[in-house]
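Here's the structure, in structure tokens; my notes come after.
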Amino acid sequence: MATFDDLLEEAGSFGRCQKRIFALLCFLSLPFSGVYVGIVFQGFTPDHWCRDSAAAAERRQACGWSPADSRRLTLPLVNSSGELRQSACEQFEVDWNVTGLACDTQELHLSGAPLTACKDGWEYQYEGRKSFVTEFNLVCSDGWLVDMYQSTLNLGFLIGSFAFGYFADRFGRKISFLVSNVLNVTAGIVLAVVPNYISILVVRAIFGFGVKGGWMTCYVLLTEIVGVEYRRTVGILFQMFFSIGNLILPLLAYFITDWRWLQVVITVPYILFVSYYWFIPESPRWLITQKRSSEALEITEAMAKENKMKFTRNLEKLTDDEGECTTASLLDLFRTQKMRKHTLILMFNWFTSAVVYQGLIMRVGITGGNVYIDFLISGLVEFPAAFLILLTIERIGRRLPFAAANIVAGASCVTAAFIPDSMFWFKTVVACIGRLGITMAFEMVVFVNTELYPTFVRNLGVSVCSSLCDIGGIVSPFLLYRLAAIWLELPLIIFGALAFIAGGLVLLLPETRGAPLPDTIDDIEVPDWKKENRQMKKLLKADPTNKETTV
């Protein structure tokens, strides 16, 4: 009996039509980079210290103190990751109007004075860059609100994964993509103009809701319209455009110094993506599961025509014999033994990939180097990751490279945590290897996820599993920034432990190299030899007098 993959062979597995659609949809990953990791620049926290009171400023001016002298005299020293540094959140409590201390700095002994939190705001060493941190003074006791900026985005991702996962499997990939981009344009522009931080957090969640839903729907659509031999290449190259976005982002941030205008630039491409509704087709594979064979046949014939292929098969024979229920249900992901195992392992890997990948990227903004150059270097590492995936997954398979990528990332994170800062380049190289490993794992979990679920529940399966990626994204900022305040390298140890566990669990998944996309749960639960036995029994029951011929 013909399958849709057989029909796709005749229509063209990756012909001119699929290449056109692929080229259009790849651009969706470029602004997604700015949405996902733009916090490195939009929420950049520069060096800061307590602003002098009016009386202290007058004393500094009268005495001719430099700003550095003033900070040295008025700010206490605190232990920061093993080093004594001037406090960014406290100052000596001195009444400069009544103090009898002279201007001679040698006579100023304020170390015994009580400490107080910054009363007159902060001064920043940001050289003209305006982030939402400097605009709303989100430092010290309000520093957790910076974590919320990224966490609310991932909360939107989480809700969007479920909502668009169901929506795309119920109403189609194409209409879901349109709704997503309309929402992205609206929320992205509003985010750039709202006046207070609470409104920013709310709109940021809505923005994440639309962006993630559209990205996942787009990815699933691409894997469903190409042949099995092209799925892995399409999936990896689609994600590679996210890496290209990571190279473009620091260049944009360098020239666009206001975080609000940077938000506008990130949003503008989604206006163009709205027009894609008239240039991309609905997924024929999804239409078949919905018993809309005439529409699927029309689209497949149009694909064959654009690919200059002759289409001959009868689509009706394919749909009549697929008797599985085609309504997606969350319970389908846990109902049977193998589906349940696949779902739980994939969920943990999505969680780990998000925590480690996002944590390593955001860590660039707190290590104290040149944020633009460091971000650019770490972004370049992602391209060898894509090359290694393409080199190994068809020769070795999916499972071993996937597991190895996680283990390498874990080992690199733990090792980098104990390399002293004096060995700067060695530490940078090891950290880049960790970034390489987790990038491979993150890219592989996406297309392995699509290969382990049947068609009628594939979009929902990817969306539900990737929801753990969003939970990881919610946790990651708090894990990074709060633990780094205790010890800068502590988050790396946590990242390493998670990656090690994820790599071990991947070894429990089946190998999907060369296998066709499953259409039913039975394709996953029942091995091929059992299916052949079932088919033989059906034939014997149909014609019991002709057993020898049947055998």
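Brief remarks on what is shown
- Charge dipole of the stretch 192-265 about the Cα centre (unit charges at C-beta), most positive-ward option of Val265, Tyr230, Ala192: Ala192
- Within the shell defined by Cβ-Cβ distances under 14 Å, the residues around Ile438 carry a net charge of 0, with Lys and Arg each +1 and Asp and Glu each -1.
- Charge sum, other residues only, whose C-beta stays under 15 Å from Leu508's C-beta, Lys/Arg counted +1 and Asp/Glu -1: +4
- Gain on full extension, evaluated as 0.36 nm per residue between Glu10 and Val78 minus their Cα-Cα distance, stands at 17.4 nm.
- Between Leu115 and Glu93, the built amide H atoms are under 5 Å apart, and every one of these is 5 or more places off in sequence or on another chain.
- Each part gets one Cα centre, and for the stretch 399-465 versus the stretch 129-170 those centres are 23 Å apart.
- Sites Asp522 and Leu237 - FRET efficiency at Förster radius 22 Å, r taken between beta-carbons, to 0.05: 0.10
- For the stretch 219-231, Karplus couplings with θ = phi - 60° (6.51, -1.76, 1.60), whole Hz, Gly/Pro x: 5, 5, 4, 4, 5, 8, 10, 10, x, 4, 6, 10, 4
- Net charge, Ile419 excluded, C-beta distance under 13 Å - Lys, Arg +1, Asp, Glu -1: -1
- Backbone phi angles across the stretch 470-484, fed through the Karplus curve with coefficients 6.51, -1.76 and 1.60 (θ = phi - 60°), yield HN-Hα couplings of 6, 5, x, x, 5, 6, 4, x, 5, 4, 6, 5, 6, 6, 5 Hz in residue order; Gly and Pro are listed as x.
Taken together, the values in this text are just the output of simple stated rules run on the coordinates, not laboratory data. Note that this is a predicted model, so its numbers are computed, not measured. Every residue, glycine among them, receives a Cβ derived from its backbone with ideal geometry; neighbour counts consider all protein chains shown.
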